[in-house]
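The values are calculated or read from the model by the stated rules, or taken from the named source; none is laboratory data. No experiment lies behind these values; they were computed from the predicted model shown. As a convention, Cβ positions derive from the backbone with ideal geometry for all residues, glycine included, and neighbour counts pool all protein chains shown. Heavy atoms of the whole protein, side chains included, go into the accessibility calculation; ligands, DNA and RNA do not. Shrake-Rupley method; radii C 1.70, N 1.55, O 1.52, S 1.80 Å.
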Amino acid sequence: MKKILVLEPYYGGSHKQFLDGLCHHVSAEYTLMTLPARKWKMRMQLAAPWFYKQIRKLESQKRYFDTVLCSTFVDVGMLKGLLSGLNGWNPSARFLTYFHENQFSYPGQIPDPTRFQFTAINFNSGLVSDGIAFNTIYNYESFLKGCRKYIKKAADMDLVWVIDALRKKSTVLYPPLDFTCIDRGGRKKNNRVPVIVWNHRWEHDKNPEDFFNTLTELELNRIDFRLILLGQKFRFYPDCFDRAMERFETKIFHCGYVESYDRYVTFLKQADIVISTAFHEFYGISVIEAVRAGCYPLLPDRLSYPELFEPRFLYREGDLTARLQEVIQDRKSLDDMEIRTITDRLSWGAMREKYRSWLQAGPVEKECNLNPALRSP
């Protein structure tokens, strides 16, 4: 059985969910080294030497691994340099990097002059890894677009070959979900008034302002609804949430983050419609979970959504209010077959073998195939 060292400096949220699922569903001998999900900038800058020290603490015979799996919060180039020549280390170990996100496409609330050091770490890690996987085609394409702009800054150096090298080692692997908890107990709903759920982080890049503005327009149009507000809330969050809690107080069933996943699923099952207004989304786990729980999705026609969902679930800029009003008035919903058609292909059952192949096979040489078949794993 392959020995795989997993290095995750940001072990929380979707990163943790992905790795927990991987270790459970794909057989291998795993060694996990992790850090809590905070201070992401410091993690990207300094996680590599910290992990090197942890590996050095292992007994020599336990330092041998076939594969090292890193997230993009690891400076893989620095780590490989530090591990070179370490007693007991396998010099042929394959280094793989999984891109949950890329810093080229991460929108900042304010201009950040330090941003380029983090895009450089992503670039370097991709270049020195033996294989790289992206969680969506959108992530893959935006990464390569950022890399092209990056190397163009070096006008007097020919670095075009870099893009081809990155392509040849790239693949797209959607991060699978385990739907066991959501499927338990069915999806029965008998809401007299449609219930809309927000289950995204309370941050500017999820664009909550447009969401609440849309609800305000519905109210002015005398369209009745109820509201469930979930998602992680931080010390500082957009003030539109406070205004919304006051304005829609009588319509809100629940407001706030829930620690228990079972309870989170219970709220999803009480809802009829899930909406995203995101400016930034590399995948969309929260939407997929809500759809599996029986919610009808309304999603922006941008980011990762067009490759994951049919056009009937997408809206164009400025059309959300009209589309949502239509969904509510027509009582649009998904039957069990539609739910499974959308979500089964994004389950561990559907993706397990693809991950086993990527983790345990030889170096990835085939160029990432961006054809329609890839959109239906």
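Looking at Thr266, Thr216, Thr277, which is the one that is over 25 Å from Arg340 (Cα atoms), β-branched (Val, Ile, Thr) and either touching an Asp or Glu at 6+ places or on another chain (Cβ under 8 Å) or not in a loop (DSSP other than H, G, I, E, B) (or both)? So that I can check it myself, show each step before the final result.
Values: Thr266 fails: over 25 Å from Arg340 (Cα atoms); Thr277 fails: over 25 Å from Arg340 (Cα atoms).
Result of the check over Thr266, Thr216, Thr277: Thr216.
Looking across region 294-342, just one residue is part of a loop (DSSP other than H, G, I, E, B), farther than 21 Å from His200 by Cβ and small (Gly, Ala, Ser), and that is Ser333.
Tell me whether region 314-324 contains one or more residues that are among the hydroxyl-bearing types (Ser, Thr, Tyr), out of contact with any helix residue (DSSP H, G or I) (no Cβ under 8 Å at 6 or more places or on another chain) and either modelled with pLDDT of 95 or more or open to solvent by less than 10 Å² (accessible area, probe 1.4 Å) (or both). Full working, then the answer.
Residues of region 314-324 among the hydroxyl-bearing types (Ser, Thr, Tyr): 315, 321.
Subsequent filtering for residues that are out of contact with any helix residue (DSSP H, G or I) (no Cβ under 8 Å at 6 or more places or on another chain) retains none.
So far as region 314-324 goes, no, none of its residues is among the hydroxyl-bearing types (Ser, Thr, Tyr), out of contact with any helix residue (DSSP H, G or I) (no Cβ under 8 Å at 6 or more places or on another chain) and either modelled with pLDDT of 95 or more or open to solvent by less than 10 Å² (accessible area, probe 1.4 Å) (or both).
For region 1-51, filtering for residues that are of a type in the set (Phe, Trp, Tyr), open to solvent by 50 Å² or more (accessible area, probe 1.4 Å) and farther than 23 Å from Lys233 by Cβ leaves 1.
Residue count for region 122-155 satisfying the condition of being under 24 Å from Leu359 (Cβ atoms) and at pLDDT below 95: 0.
Considering only region 194-218, state which residues are open to solvent by less than 60 Å² (accessible area, probe 1.4 Å) and either hydroxyl-bearing (Ser, Thr, Tyr) or closer than 14 Å to Gln325 by Cβ (or both). Answer for region 194-218, where residues must be open to solvent by less than 60 Å² (accessible area, probe 1.4 Å) and either hydroxyl-bearing (Ser, Thr, Tyr) or closer than 14 Å to Gln325 by Cβ (or both): Pro194, Ile196, Thr214, Leu215, Thr216, Leu218. Can you confirm whether Arg187 is of a type in the set (D, E, K, R), assigned to a loop (DSSP other than H, G, I, E, B), closer than 24 Å to Leu308 by Cβ and open to solvent by 30 Å² or more (accessible area, probe 1.4 Å)? Here the answer is yes, as Arg187 does meet what is asked. Scanning region 228-254 for residues that are crowded, with 16+ Cβ neighbours inside 10 Å and farther than 25 Å from Arg184 by Cβ returns Tyr237, Pro238, Cys240, Phe241, Ala244, Phe248, Lys251.
Do we have Val291 as within 18 Å of the chain's Cα centre (by Cα), closer than 18 Å to Thr216 by Cα and not in a loop (DSSP other than H, G, I, E, B) here? Give the steps one after another, and end with the answer.
Values: within 18 Å of the chain's Cα centre (by Cα): yes; closer than 18 Å to Thr216 by Cα: no; not in a loop (DSSP other than H, G, I, E, B): yes.
So Val291 does not fit the description; no.
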